[in-house]
Amino acid sequence: MKNLFSNIKGDAFGGITAGIVALPLALAFGVSSGLGPEAGLYGAIFISFFAALFGGTSTQISGPTAPMTAVSMVVIAGIVAANDGSVEKALPAILTVFMLAGLMQVGLGLLGLGKYIRYIPYPVVSGFMTAIGVIILLTQILPSIGYYPKEDVEFVEQFKPLAEEVILENILKEEAGEGILVLENFKETISQAAKITPEQILNESQTLAAKEASGTVGALKVLPRALQNINWLELALALATIFIIYGFKRITKAVPSTLVALVVVSGIAYGFNLGYRPISEIPGGIPIPHLEMFTSFSFGKITPYIFTALTLALLGAIDSLLTSVVADNMTKTKHKPNKELIGQGIGNTIASVFGGIPGAGATIRTVVNINAGGKTKLSGMIAGIMLLVIMLALGPVASKIPAAVLAGILVTVGIGVMDYKGLKAIPSLPRDIKIGPIKLSSEVLIMLVVLLLSTFWDLIYAVGIGLIIASLMFMKKIGDLTAERSDVKSLKEETWTDEVGFPENLKEEVFIKHLKGPLFFGSTSDFQALTLQIPNTAKTVILRLGRMQYMDQSGLYAMEDMLQELKKNNVEVLFVGLLKQPRYMMERIDIIPDFIPNEHIFKDFKSCLQWVKDNIKDEI
């Protein structure tokens, strides 16, 4: 507690500054997620306060971030679509998934897995971050030009036949569930169908239209139509916001350019009564817990999203710990990764209960806090309190902010979040794999696969596939490198010192093979060629195994196949210098003693040579 109040002045200034910087981003991320600006604010308030209080990085400022919001957007859209397009109906399930992600983060911290997060391959992270930028840019094109599919009468009209089908299908499902759907009597169905109003059909048509235009693919589908229906005022507001954000940075970085753009453009739009589209109203008063997420909890509703919750938890962990490293470099301190995960998990769990979107450690806000004088956890807690005060005092004012301004802010976020370092490196990375006639860099391939799959298919599966490809590529590279050192040369190619006195008259009958390095999946193909190297005159094969320190299951079965082939050809095999691990493996499947009896296993070449002299005769 003493350390907490050791830098009150610096922490207060750092926290207040970071809170002001976080305000426009919190509103923008909330709108982008689909839950409204208040969801972004609630997330920023609670995550900032509790992640700082319980976390392991003294200067970290947490809240909604671009990657977390992009994944949350996918979760929200999926659950809303499964609830007839109603955010209100879907909200308990959405918040439960967010809470589950927070609890998983706490679990990761308690299990001590924080230190392993850094082993995620860079190409996967690079592809993912660039995809986040592309997703934000593509999804913000429509609001930036003032096009909202639900409000395009002609576009919505196309979905009326399908809307009628969906409504009727829902009636039939309800009746089937209640046991009143029978072949003999459709009176109830007809009665229910007769009650369908034009407003219901319109609402369902709007939901279907919005669904069709959601995500990156949906945005691209309706883009030609959107470009024919540009709202020039909204576009002007978005462009003005972008211009000020980039332009003001050239004047000074002392005042956040995002905040300047928000205040200036919103002030002009409101002051001149320009007839713009405002964001949805931000509720006044203290945030209230959403207890319905507990009272109406159904495990079946969130089961399909458990993997998604884990992805959110892992993504938040990576996002936060990367920011912690940045903070360490700036403050010359050392963060506690597992404690940081627990703090982030607690913050996300509490934020979900109050209707906030999940977040993580935010690099820009953390840097602002440190530069403004923040040194202890108090700065992050003050940032959260600052946002709460702003919301309570200026909620009605914030509700007048133009939606296009937030879209403009998000466009700059999308541009900024891309991994330009990774993109610039593409031409210079070594082309180490060949696909048909094309030579490619494996690192670039992984990055592009993750980038394209994340952007146009699914963020979660993209990361999973990227990790699998990266792991397979890594195993192949290590396999190739190890196989190069895992030599198997005949006596004529290389004679070891203790083999110099080998009887000349037995060299036709005895074939000596040296195995150097592990016998594993990467070297089995070379090992399998061993039988082809053995001359027809050889009746005995000596395998020198003193340098074969490891054998995996692939190597074990390759050895078994070779020994079977040699036994079939009446060739006797002797082992020299067999080490503990390979011996254990071969004893498990009875290679020893079925193929190689114990009396054919020698500690050194000298004892093996004596056995050869006693048992092998010169027949050629």
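Place a +1 charge on the Cβ of each Lys and Arg in the chain and a -1 charge on the Cβ of each Asp and Glu, then give the dipole magnitude about the Cα centre in debye, rounded to the nearest 20. Present the calculation step by step, with values, prior to reporting the outcome.
Values: 51 positive and 53 negative charges, 551 e Å.
The dipole magnitude comes to about 2640 debye.
Pull up the DSSP beta bridges for the chain and report the antiparallel fraction as a percent, rounded to 5.
So the antiparallel bridges amount to about 35 percent of the total.
From the square roots a ≥ b ≥ c of the eigenvalues of the alpha-carbon gyration tensor of segment 373-433, which class results: rounded (a/c under 1.5), prolate (a/b over b/c), or oblate? Walk me through the intermediate numbers first.
On the way: a/c = 5.74, a/b = 1.83, b/c = 3.15.
Note, shape of segment 373-433 comes out oblate.
So for segment 1-110, averaging the separation of alpha carbon pairs under 8 Å that are six or more residues apart and normalising by length, what relative contact order in percent results? The partial results should precede the final answer.
Details: 77 pairs, mean separation 19.9, N = 110.
Averaging sequence separation for qualifying contacts and normalising by length gives 18 percent for segment 1-110.
For the charge dipole of the chain, defined by +1 on Lys and Arg C-beta atoms and -1 on Asp and Glu C-beta atoms about the Cα centroid, which residue among Asn273, Ile596, Leu556 has the Cα displaced farthest towards the positive pole?
Asn273
Not counting the cut sites, what is the longest span of the chain without GluC sites (Glu not before Pro) that DSSP labels loop and that have at most 16 other Cβ atoms within 10 Å?
Working: sites that count: Glu184, Glu281, Glu493, Glu494, Glu508, Glu619.
Excluding the exposed sites themselves, the longest stretch runs over 282-492.
Among the aspartates and glutamates, select those whose C-alpha is under 19 Å from the C-alpha of Lys375, and discard any that sit fewer than 8 residues away in the same chain.
Output for Lys375: Asp11, Asp328, Glu340.
Which of the trypsin sites (Lys or Arg not before Pro) found in segment 548-620 are loop residues per DSSP with 14 or fewer other Cβ atoms within 10 Å of their Cβ? Please list the in-between numbers first.
Numbers: sites: Lys567, Lys568, Lys580, Arg583, Arg588, Lys603, Lys606, Lys613, Lys617; in loops: Lys603, Lys617.
The qualifying sites are Lys603, Lys617.
Take the alpha carbon gyration tensor of segment 194-257, find the square roots of its eigenvalues, order them as a ≥ b ≥ c, and report rounded if a/c is under 1.5; if not, report prolate when a/b exceeds b/c, else oblate. Write out the running numbers ahead of the final one.
Details: a/c = 3.24, a/b = 2.80, b/c = 1.16.
Because a/c hits 1.5 or more and a/b exceeds b/c, segment 194-257 counts as prolate.
Among 463-469, 528-534, 144-150, how do they line up by average Cβ neighbours within 10 Å per residue, starting with the highest?
The packing order, highest mean first, is 144-150, 463-469, 528-534.
Could you sort out which of Lys476/Lys568; Lys507/Lys568; Lys336/Lys424; Lys221/Lys476; Lys211/Lys439 sit more than 30 Å apart by Cα distance in this structure?
On the way: Lys476/Lys568 33 Å; Lys507/Lys568 22 Å; Lys336/Lys424 32 Å; Lys221/Lys476 40 Å; Lys211/Lys439 40 Å.
Result: Lys476/Lys568; Lys336/Lys424; Lys221/Lys476; Lys211/Lys439 exceed 30 Å.
Mind jotting down the distance between the C-alpha centroids of segment 551-617 and segment 15-92, whole Å?
Taking the Cα centre of segment 551-617 as reference, the centre of segment 15-92 is 63 Å away.
Please say if segment 425-484 is rounded, prolate or oblate, where rounded means a/c under 1.5 for a ≥ b ≥ c the square roots of the C-alpha gyration tensor eigenvalues, and otherwise the choice is prolate for a/b larger than b/c and oblate otherwise? Display every interim value, and only then the final one.
Working: a/c = 2.48, a/b = 1.48, b/c = 1.67.
Oblate shape, in that a/c is at least 1.5 and b/c is the bigger or equal ratio.
Where a number appears in this text, it was derived from the coordinates with a stated rule and is not lab data. Everything numeric in this text was worked out from a predicted model, so none of it was measured. So basically every Cβ, Gly included, is an ideal-geometry build from the backbone, and we count neighbours across all protein chains shown.
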